[in-house]
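The values are calculated or read from the model by the stated rules, or taken from the named source; none is laboratory data. Nothing here was measured: the structure is a model prediction, and the numbers come from that model. Every residue, glycine among them, receives a Cβ derived from its backbone with ideal geometry; neighbour counts consider all protein chains shown.
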Amino acid sequence: MAELDVCPLDELGPGSVKIVRAGELAIGVYNVDGDLYAIEDRCSHDDGPLCEGDWDPEERVVTCPRHGSNFDLRTGEALTLPAYVPVETRVHERAAERNRAVLSRQADSSYLRAIGGALGDAPG
Ligand code: FES
């Protein structure tokens, strides 16, 4: 299974976010009370840098900094206009045995397949 190593878990504590890149793809990884949420760092409205915006860990909502649309971290659903199309998102379990945050390739996720392809092209 292709994986994208994000960082040691102690560098991504609860309430923090880290943007990781795989080729042209950028993904925000959020720690909400130990659960990791991954959402593509590209707003569905106008390709804004979604994960550079504010977010609310309690509500699990991220706000696009460009025009202010809110998205549900759990589902990727656009909650407020002007965006209305969901963004790819997934919930990931911690790789506790390795003490690292890892995104794993999932058969039902197009962007994670893209990560797998990018990793396959990467050296090492
Ligand atoms: S680009 Fe995100 S709301 Fe417009």
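So the values come out like this:
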| item | result |
| --- | --- |
| Meets criteria (of a type in the set (S, T, N, Q), on the phi < 0 side of the Ramachandran plot and away from the ligand (no atom under 13 Å from the Cβ)) for Ser44 | no |
| Tally, over region 75-87, of residues that are in contact with a Ser or Thr (Cβ under 7 Å, 6 or more places away or on another chain) and either surrounded by fewer than 18 Cβ atoms within 10 Å (Cβ to Cβ) or small (Gly, Ala, Ser) (or both) | 9 |
| Set Arg66, Arg21, Arg60, Arg74: member being of a type in the set (Lys, Arg) and at positive phi | Arg60 |
| Residue in region 43-53 that is surrounded by the most Cβ atoms within 10 Å (Cβ to Cβ), counting only those that are more than 16 Å from Leu81 (Cβ to Cβ) and within 14 Å of the chain's Cα centre (by Cα) | Cys51 |
| Of all residues making up region 56-87, the number that are hydroxyl-bearing (Ser, Thr, Tyr) and under 14 Å from the mean Cα position of the chain (by Cα) | 2 |
| Wholly within region 19-109, strands (runs of 3 or more DSSP E) carrying at least 1 residues that are at pLDDT below 80, closer than 23 Å to Asp5 by Cα and of a type in the set (Lys, Arg) | 89-92, 100-104 |
| Of all residues making up region 48-69, the number that are within 9 Å of the ligand (Cβ to nearest atom) and over 16 Å from Ile27 (Cβ atoms) | 6 |
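Listed here are the residues, each with its yes/no results for (1) under 19 Å from Tyr84 (Cα atoms); (2) surrounded by fewer than 16 Cβ atoms within 10 Å (Cβ to Cβ); (3) touching a residue at least 60 places away in the same chain (Cβ under 8 Å).
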{"residue": "Gly23", "(1), (2), (3)": "no, yes, yes"}
{"residue": "Val32", "(1), (2), (3)": "no, no, no"}
{"residue": "Pro57", "(1), (2), (3)": "no, no, no"}
{"residue": "Pro65", "(1), (2), (3)": "yes, yes, no"}
